[in-house]
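In what follows, a single structure is set out as structure tokens and then discussed.
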Amino acid sequence: MSKTARWTFIRHAPVIAKGLLYGASDVPADCSDQAAFAALAGNLPTDAVWLSSHLSRAQDTLKAIIRSGPAEALHGADAFVIDRRFAEQDFGTWEGESYADLQDAQATAYQQFWQDPANATPPGGESFAAVVERVAAAMASWSQQHLGRDLICVCHGGTIRAALAVALDLSPSAALRFVSDHLARTELDYLAADPTYEGGWRVRAVNLPVR
């Protein structure tokens, strides 16, 4: 059996709530672009383990993929598993606020946050560095459980940047430089250790667009 767990991360469809800070908020996604979902479904591995964030925009995106692709290609997708560790960053009391309002109402705290956005913690929320830690734990757990399998995770931009931080051994600050577009795929492999190899990650693709 192969000792590789092959990951495909997909960012959810565009959200309907524009101009708001919506990290951990459960805002809806626009899943109306059937052509895009069909194209995405055609580029996914078959017989995969399917995972999703608990937020509805990720789950609705996953369900739209299922509706748009052939059943034989998406075998097992309807039995997807929710793992809250793949959620977006929690911005605490800033959730649901517009960037402009935050800049006006909480100018000092807001400016301090953007001086070190990877490590600073929003009021009542979590830092991006904390996101990297929980995503790393989830990736390690699922990879060990499913060596030799494909895993598809529908999640969020912050989650995908965190996954790249894990795979490339990057600082949280460096990982924030990655772009993660809606419905784009990022593909990673976890290679288990054996007597000749200490194990680790490799990156196959980053932010592949829907074609």
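What follows draws every value from the coordinates through simple rules; no lab data is involved. The structure presented is a predicted model; accordingly, all values stated were derived computationally and were not measured. Neighbour counts are summed over all protein chains in view; Cβ atoms, including those assigned to glycine, are modelled from backbone coordinates with ideal geometry.
Annotations for the structure displayed:
- Under Karplus coefficients 6.51, -1.76 and 1.60, residue-wise ³J(HN,Hα) of the stretch 94-108 in Hz, glycine/proline x: 7, 4, x, 8, 7, 4, 5, 5, 5, 5, 7, 7, 10, 4, 5
- Kirkwood Rh in Å, taken over the stretch 16-123 so that all alpha-carbon pairs contribute: 16.0 Å
- According to the calculation over all Cα-Cα pairs in the stretch 4-208, the P(r) per 5 Å bin from zero is 1, 8, 15, 20, 19, 15, 10, 6, 3, 1, 0, 0 %.
- Between residue 49 and 150, 151, 152, the built amide H atoms are under 5 Å apart, and every one of these is 5 or more places off in sequence or on another chain.
- Report summary: the helix-based calculation at 222 nm, which adds -39500 (n - 2.57) for every DSSP H run with n ≥ 4 and divides by the residues of the chain, gives -10000 deg cm²/dmol.
- Full-stretch length increase - residue 27, residue 111 - with 0.36 nm per residue and alpha-carbon distance subtracted: 27.7 nm
- Cα centroid separation, the stretch 25-82 to the stretch 88-108 (Å): 30 Å
- Each of residue 171 and residue 147 was given a label point 7 Å from its Cα along the Cα-to-Cβ line. The distance between the two points is 3.4 nm.
- Given the chain, longest segment not containing exposed loop GluC sites (Glu not before Pro) (DSSP; at most 14 other Cβ within 10 Å): 73-197
- The phi-based Karplus calculation (6.51 cos²θ - 1.76 cosθ + 1.60; θ = phi - 60°) puts the 3J(HN,Hα) values of the stretch 117-123 at x, 7, 10, 6, 10, x, x Hz, whole numbers, x for Gly and Pro.
- J(HN,Hα) series, the stretch 32-43, from Karplus relation 6.51 cos²θ - 1.76 cosθ + 1.60, nearest Hz, glycine and proline x: 8, 7, 5, 5, 5, 5, 5, 5, 5, 4, x, 10
- Within the stretch 69-105: backbone nitrogen closer than 13 Å to the residue 119 label point (7 Å, Cα to C-beta): none
- Cβ-Cβ FRET estimate between residue 140 and residue 101, R0 fixed at 45 Å, reported to 0.05: 0.70
- Two-site FRET efficiency, residue 82 against residue 39, from Cβ-Cβ distance with R₀ of 30 Å, rounded to 0.05: 0.75
- Where trypsin sites (Lys or Arg not before Pro) fall in DSSP loop in the stretch 1-102, at most 10 other Cβ within 10 Å: 18
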